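A short write-up of the structure that comes next.
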Amino acid sequence: MNWLWVGIGSFLGGVMRYGVGTLLKHSSGFPFGTLAANLIGCALIGMTAAIFQNRDVYPDIAHHLILVGMLGGFTTFSSFSHESGQLIRHAQYGYAASYILGSIILGLSLSALTYMLFLKSGQSA
C-alpha cells in the first residue's frame with residue numbers, strides 16, 4: 001500500500017514543482033524555478049526529517065507520502081542536470097557555475113540547517 005502514498009505524494013510534489021517553475025519563469029534563461037524548487041525542497045526535507053525524528057511514533061504513511069513522494073516529486077535532480085547541461089552547451093558558463101554551486105552548497109546548507117533547527121526545537125518541547 002505504500003506505493004499508493006508515494007504516488008499520491010509524487011503527484012502533489014510534481015504539481016507544486018510545476019507551479020514554482022511557472023511562477024519563476026525568467027526570460028534570461030536562468031532556471032530560477034528549478035533552483036527554487038530544489039532549495040525549498042532541501043529546507044522542507046530537513047525540517048520534516050527532524051520533526052519525524054522527534055516523534056516517538058509517526059505513521060509510516062507520513063514518511064511515504066511526504067518525504068519519499070511529495071518532496072521527491074517536488075525536487076528535481078533530473079531537471080537540474082538537464083538545465084545545467086543546457087547552460088554549458090549555450091556557453092552560459094557564469095549561469096552554469098552559479099546554478100550548480102548554488103544548488104549544491106545552498107541545498108546542503110538548507111537541509112542541514114533546517115534539520116538542526118527543527119531537531120533542536122523538538123528536544124526543547
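Worth a mention:
- Listed residues SER109, SER27, SER98, most fluctuating in the chain (Gaussian network, C-alpha, under 10 Å): SER27
- J(HN,Hα) series, the stretch 5-19, from Karplus relation 6.51 cos²θ - 1.76 cosθ + 1.60, nearest Hz, glycine and proline x: 5, 5, x, 5, x, 5, 4, 4, x, x, 5, 4, 4, 4, x
- The calculated 222 nm mean residue ellipticity attributable to helices in the chain amounts to -23000 deg cm²/dmol, summing -39500 (n - 2.57) over DSSP H runs of n ≥ 4 and dividing by all residues.
- Along the chain, the exposed loop sites are trypsin sites (Lys or Arg not before Pro) outside DSSP states H, G, I, E and B with at most 11 other Cβ atoms within 10 Å, and the longest stretch free of them is 56-125.
- Extension gain for the segment HIS26 to ARG89, taken as residue separation times 0.36 nm less the Cα-Cα distance, is 20.8 nm to one decimal.
- Taking the chain as a Gaussian network of alpha-carbon nodes connected by springs under 10 Å, the highest mean-square fluctuation of the residues GLY13, GLY21, GLY94 belongs to GLY94.
- The charge dipole of the stretch 2-123, taken about its Cα centre with unit charges on the Cβ of Lys, Arg, Asp and Glu (plus for the first two, minus for the last two), comes to roughly 200 debye.
- When peptides 76-86, 40-50 are ranked by their average number of other Cβ atoms within 10 Å per residue, the highest-first order is 40-50, 76-86.
- Option label - Rg and Dmax of the Cα atoms in Å computed here, alternatives [x] 19.5, 66; [y] 16.1, 51; [z] 14.8, 52: [y]
- Nearest-ten-degree value, helix 107-123 long axis tilted from longest Cα axis of the chain: 20 degrees
- J(HN,Hα) series, the stretch 65-72, from Karplus relation 6.51 cos²θ - 1.76 cosθ + 1.60, nearest Hz, glycine and proline x: 6, 8, 5, 6, x, 5, 6, x
- Dipole of the chain [Lys/Arg +1, Asp/Glu -1 at C-beta], most positive-end residue of ALA62, LEU44, TYR95: TYR95
- Whole-Hz Karplus values for the stretch 76-86 come out as 9, 5, 5, 5, 4, 5, 5, 5, 4, x, 4 Hz, taken residue by residue from phi with 6.51 cos²θ - 1.76 cosθ + 1.60 and θ = phi - 60°; glycine and proline positions read x.
Values in this text are rule-based calculations from the coordinates and carry no lab data. Remember, it's a predicted structure, so these values are computed and weren't measured experimentally. All Cβ positions, even for glycine, are placed from backbone atoms using ideal geometry, and neighbour counts span all protein chains on display.
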